[in-house]
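This report concerns only the one structure given below.
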Ligand SMILES: Nc1ncnc2c1ncn2[C@@H]1O[C@H](COP(=O)(O)OP(=O)(O)O)[C@@H](O)[C@H]1O
Ligand SMILES: [Mg+2]
C-alpha cells in the first residue's frame, strides 16, 4: 500500500481548489451521504464548495430536494470557452451559502461517447474553468466502474472510499485500491487515498468489528478512517432535504461527519 496514502505536490501549484472524489463501485454504501455532508461541512467551515454529481441517478441533488439537471453532462461534454462556462454556471444551484451543486441527470448515463477528449485528465481539465471560485470540489460518483469513475479518480487530490461493513466489502475496496495504484504507476496520478470510510457501522455487531479489523490488516491502520455509525438521522435526512448538521447538529452522526470535515481541512 505504502505511498498510496500520500499525495505528491501538484505540477500545477497555482490551483486554488482541492478535489475530493468519493467512490466505491458498490451502491448503497454511503457515497452520496458522505459527499453531501462533506460539502456542507466544508461550507459551514467557511469554504467555497462545489459538489459535482457524476451519478446519472442524480441522488446528491434529490437528497437536498434539488431536481435533476444536465449540469454535470455539460461540464463533461462542452468546450472550455467562456460561453460554455457561463452555460454550465447557469446549471448550478446554490444548496446552502457557500455550497454550489452541479446536478446530474439521466443523460449522464450516455456521456462517455460524447466526451470531447480521450485523455484521462479530461475531467480535471474541464474543472479548471472554476479556478479561483472554489476552495473544494467534491465529486460524487456512480456505483460502476466505467471511464467516468477513472476520470474522477485521476482528477482527485484525495479519494475517499465509503464502505459498509458487509461480506465482500473488502473486495470492492481492493478494486478501487488497484485502480488507484495503476493510475499512480502508469498515468502520473498525483493524488492520494485519503482513506476508507466505514459507514453504517455498529460496534455491537461482531461482524462489523471484525470487518474493521480486517480493513486495518489489509489496507493499513492509517488508511482506515474513524467509522460513521448506522444512524437513523442519516437515513431520514433525504426525506427532509436537509443534512444532519441542520436537523440534528448534536447527533453522533453530525459529530462523526464533522470529524471527517476537520480531517480534510487539515490534510496536506
Ligand atoms: N451511516 C448511515 N446510517 C444509516 N443510513 C445511512 C448511512 N449512510 C447512508 N445511509 C442511507 O443509506 C442509503 C444509501 O446511502 P447513499 O449515500 O445513497 O449510498 P451510495 O451513494 O453509496 O449509493 C441512503 O438511504 C442513505 O440515507
Ligand atoms: Mg450515490
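All of the numbers you see were taken from the coordinates with simple rules; none came from a lab. Since we're looking at a predicted model, the values are computed, not measured. Note: ideal-geometry Cβ built from the backbone for every residue, glycine included; neighbour counts use all protein chains shown.
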Would you confirm whether or not region 210-229 contains a residue that is more than 25 Å from residue 158 (Cβ to Cβ), in contact (Cβ under 8 Å) with a residue 12 or more places away in the chain and within 13 Å of ligand 1 (Cβ to nearest atom)?
no
Conditions (1) under 24 Å from residue 263 (Cα atoms); (2) within 16 Å of ligand 2 (Cβ to nearest atom): number failed by residue 143
(1)
For residue 129, are the conditions met, namely being farther than 24 Å from residue 15 by Cβ, away from ligand 2 (no atom under 16 Å from the Cβ) and in contact with a helix residue (DSSP H, G or I) (Cβ under 6 Å, 6 or more places away or on another chain)?
no
Filter region 121-164 down to the residues that are farther than 18 Å from residue 184 by Cβ, touching a strand residue (DSSP E or B) at 6+ places or on another chain (Cβ under 8 Å), away from ligand 1 (no atom under 16 Å from the Cβ) and not in a helix (DSSP H, G or I) and list them by number.
133, 134, 135, 136, 137
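Every residue, every condition in (1) in contact (Cβ under 8 Å) with a residue 24 or more places away in the chain; (2) within 16 Å of ligand 2 (Cβ to nearest atom); (3) surrounded by fewer than 18 Cβ atoms within 10 Å (Cβ to Cβ); (4) more than 22 Å from residue 154 (Cα to Cα), yes or no:
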| site | (1), (2), (3), (4) |
| --- | --- |
| 22 | yes, yes, no, no |
| 27 | yes, yes, yes, no |
| 31 | yes, yes, no, no |
| 58 | yes, yes, no, no |
| 76 | yes, no, no, no |
| 83 | no, no, yes, yes |
| 96 | yes, no, yes, yes |
| 99 | yes, no, no, yes |
| 104 | yes, yes, no, no |
